[in-house]
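The structure appears right after this line, and notes come after that.
The values are calculated or read from the model by the stated rules, or taken from the named source; none is laboratory data. The structure displayed is predicted, hence computed values, not measured ones. Neighbour counts run over all protein chains shown; Cβ positions are idealised from the backbone, glycine included.
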Amino acid sequence: MNKEQLKRRIAVAAGLEPADTVIKNGRIIDVFNGEIIEGDVALADGYFAGIGSYEGIQVIDAEGLFICPGFIDGHVHIESSMVTPEEFAKAVLPHGVTTVIADPHEIANVLGTEGIRYMLDASEGLPLDILIMLPSSVPAADFEHSGAVLNSGDLLPFLDHPRVLGLAEVMNFPAVKYTDDSMLEKIQNTLQAGKRIDGHAAGFLPEDINIYMAANIRSDHEGTSAEDAKMRLQRGMYVMIREGTAAKDLKSMIGAVTSRNSRRCFFVTDDKHLDDLIEEGSIDHNARLAVSCGLDPITAVLMASLNAAEYFGLHDKGAIAPGYRADFILLEDLPSMTIKHVFKDGRPVAKDGHLTPFPVRNTSEPILPTVHYPDELDLQLAIGSNKANMIEIVPNSLMTLHKVAEAGTDQEGNFLPSIERDFLKLALIERHRNTGLIGLGIVHGLGLKAGAIGSTVAHDSHNLIIAGTNDEDIQLAAQEIKRMQGGLIAVKNGEILARIELPIAGLMSASSYKDVYHKLKELDLALDEMGAAKSFDPFLCLSFLALPVIPKLKLTVHGLFDAAVFKLIGTAAEKHPNGSSPSIL
């Protein structure tokens, strides 16, 4: 803001000059006092200049609608929508989201600093403020095989960028606990820059939260219960309440929010597929759901706006008040968060769920070959005649269970999938450096009755993950994804039923959000034909089965990983004399 803009804003606030726009006859949501107030709202140069009695060059008659601050998503991976930042903006703006705090962790795991630069460049100048938290853990753990490694020196130059707010979800807990030099340098550099550090406290005990708070890691989005939320709040953390596609934690956590602690809580989506963003919503859905669980609607708005803004130091966002950016929503109904109009910087960007067109931007897209592995894969999984360790899916959760059960084998002792028992083969194929590494395991709960599904979206290292009922369909899925240079695919009896090409780092499409949405619907039909479970998104669930920093059992390219002991284990559940399963590390 220059001196002339400051003069004009003050003159408008004082009623000495007409506002650019005045909103009349609206009911203003006062997030500071938790009240509904009335008055004209004056806008100047994309900011609110005053509340009271004003005249303007343009007048908007709100006709009794609620004037609500624009919603803020406090933690999101844009890559999980499988579209570019520009197309992502088109999907979320109609839902009242005017600011997102994005962690480009996914593309950074594939392309390193080039991926971060792409996300910054591709999000510049959009009618959606996309602010960045730098990926803290690339790879997520020392034994992971990602496409890049980011050390503190790689991240340091980005801390000067005006849209970089800090260090994103620190998920390598052992590196913090045992004071790894590289991790401490990342933390120290961020603190010296005066910026925030987010946590990733999956399955943490109170003493683990102590460690993160001592390291100035001040937030977490991995809580799954009211007890988790309260324990984090007791130790001074800000609690991000997540409702995404795979992880749906809001209903189990919202009971911890009270009038005394609500200012320390805000909403995030983390990972949400495009079809859910379009059909269900983003932060507007979180707020709606929270109200349906008994939360006061104004408190829900507070948690959807001002709380996140203040945590991240966004001092001009999150409220309808003088000096704040004119990012706002006109709501027809407050409890249901029914959105009529969305404004960004005082300009209309959506109405009745439809986007106001904005100019097409030309941004460079890193469409580089990122999918490399052998054409023929060795998919034999030897387990002998013993009981097998298996990954058991927990629907709509990122966490899994460690199941031990008898598994069928052929004459050589190799695992045979069972449709009847829902024991499927799971393969994780290293795709960045053509090492030939393939981790194999057994997954229970995916529900496929035939065929195989595969994806290069496999958090966090984003190798190729495939689950299937037979080796032939698994092999075909791998071959086609390699040809597409990334994507999602559904295969049945040697036939490709549906696919989405994701040539940008194997994570994002170069197509419009509408085209990707159409392809997702085709994948849904294919999943129905294959008999997949309907209570959760099988592809999104699949993508988190390779994330070893979230308990309990996951798959790496070296095999099964037990997060409880932070070690690899064999598939065969042989017992030692002390009753423990053998570790292969």
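Which residues, taken from the stretch 297-318, are of a type in the set (S, T, Y) and farther than 11 Å from C68 by Cβ?
T299, Y311
In the stretch 173-202, which residue that is small (G, A, S) and surrounded by fewer than 17 Cβ atoms within 10 Å (Cβ to Cβ) is nearest to S397 (Cα to Cα)?
Filtering first and then ranking leaves S182.
Filter the stretch 312-341 for residues that are part of a loop (DSSP other than H, G, I, E, B) and of a type in the set (A, V, I, L, M, F, W, C); which is nearest to N216 (Cα to Cα)?
This residue is F312.
Kindly indicate the residue of the stretch 232-271 that is among the aliphatic types (A, V, I, L, M) and touching a Leu at 6+ places or on another chain (Cβ under 9 Å) and also farthest from I283 (Cα to Cα) among those meeting that condition.
Selected residue: A256.
Return the pairs, sorted by first residue and then second, in which the second residue is assigned to a helix (DSSP H, G or I) and among the acidic types (D, E), the first residue lies in the stretch 491-519 and is closer than 15 Å to I278 by Cβ, the beta carbons are less than 7 Å apart, and the residues are 6+ apart or on different chains.
S512/E87; Y513/E87; Y517/D275
Here is a list: S397, S336. Which entry is at pLDDT 95 or above, of a type outside the set (D, E) and under 24 Å from S292 (Cβ atoms)?
S336
Among residues belonging to the stretch 268-304 that are part of a loop (DSSP other than H, G, I, E, B) and among the hydrophobic types (A, V, I, L, M, F, W, C), point out the one that is farthest from P538 (Cα to Cα).
L295
Report whether or not A287 is surrounded by 20 or more Cβ atoms within 10 Å (Cβ to Cβ), among the small types (G, A, S), out of contact with any Lys or Arg (no Cβ under 6 Å at 6 or more places or on another chain) and without any contact (Cβ under 8 Å) to a residue 40 or more places away in the chain.
So A287 does not fit the description; no.
Looking at L6, L43, L111, which is the one that is among the hydrophobic types (A, V, I, L, M, F, W, C), closer than 30 Å to P135 by Cβ and out of contact with any helix residue (DSSP H, G or I) (no Cβ under 6 Å at 6 or more places or on another chain)?
Exactly one residue qualifies, and that residue is L111.
With buried (at least 18 other Cβ atoms within 10 Å of the Cβ), part of a loop (DSSP other than H, G, I, E, B) and touching a Gly at 6+ places or on another chain (Cβ under 7 Å) as the only criterion, which of A478, A490, A532, A546 stands out?
Result of the check over A478, A490, A532, A546: A532.
Check I254, I217, I211, I278 and return the single one that is free of Cβ contacts under 8 Å to residues at least 60 places away in the same chain, of a type in the set (A, V, I, L, M, F, W, C), surrounded by fewer than 22 Cβ atoms within 10 Å (Cβ to Cβ) and in the same structural domain as A140 (by TED's automatic domain parsing).
I211
Based on what the data block shows, is K272 surrounded by 22 or more Cβ atoms within 10 Å (Cβ to Cβ), modelled with pLDDT under 95, among the basic types (K, R) and outside the structural domain of G487 (by TED's automatic domain parsing)?
yes
Of the numbered conditions (1) surrounded by fewer than 16 Cβ atoms within 10 Å (Cβ to Cβ); (2) without any contact (Cβ under 8 Å) to a residue 24 or more places away in the chain, D40 satisfies every one except a single condition; which is it?
With respect to (1) surrounded by fewer than 16 Cβ atoms within 10 Å (Cβ to Cβ); (2) without any contact (Cβ under 8 Å) to a residue 24 or more places away in the chain, D40 is out only on (1).
Within the stretch 153-172, can you find the residues that are crowded, with 18+ Cβ neighbours inside 10 Å and not hydrophobic (A, V, I, L, M, F, W, C)?
D154, G166, E169, N172
Please specify each residue of the stretch 99-120 satisfying the condition of being within 15 Å of E87 (Cβ to Cβ) and either charged (D, E, K, R) or part of a helix (DSSP H, G or I) (or both).
Result: I107, Y118, M119.
Hey, could you check the stretch 2-35 for residues that are charged (D, E, K, R) and surrounded by fewer than 13 Cβ atoms within 10 Å (Cβ to Cβ) and say which is nearest to A321 (Cα to Cα)?
Ranking the qualifying residues of the stretch 2-35, first place goes to E35.
Quick check on the stretch 493-529: of everything there that is among the β-branched types (V, I, T) and surrounded by 20 or more Cβ atoms within 10 Å (Cβ to Cβ), which residue is farthest from the chain's Cα centre (by Cα)?
The residue in question is I500.
Of all residues in the stretch 220-238 being hydrophobic (A, V, I, L, M, F, W, C) and out of contact with any Asp or Glu (no Cβ under 7 Å at 6 or more places or on another chain), which is surrounded by the fewest Cβ atoms within 10 Å (Cβ to Cβ)?
Ranking the qualifying residues of the stretch 220-238, first place goes to A226.
Please verify whether the stretch 48-70 includes one or more residues that are hydroxyl-bearing (S, T, Y), modelled with pLDDT of 95 or more, within 30 Å of K514 (Cβ to Cβ) and touching an Asp or Glu at 6+ places or on another chain (Cβ under 8 Å).
no
If P359 meets every condition in (1) more than 19 Å from A467 (Cβ to Cβ); (2) surrounded by 13 or more Cβ atoms within 10 Å (Cβ to Cβ); (3) not small (G, A, S) apart from one, which number is that one?
Just one mismatch for P359, condition (2).
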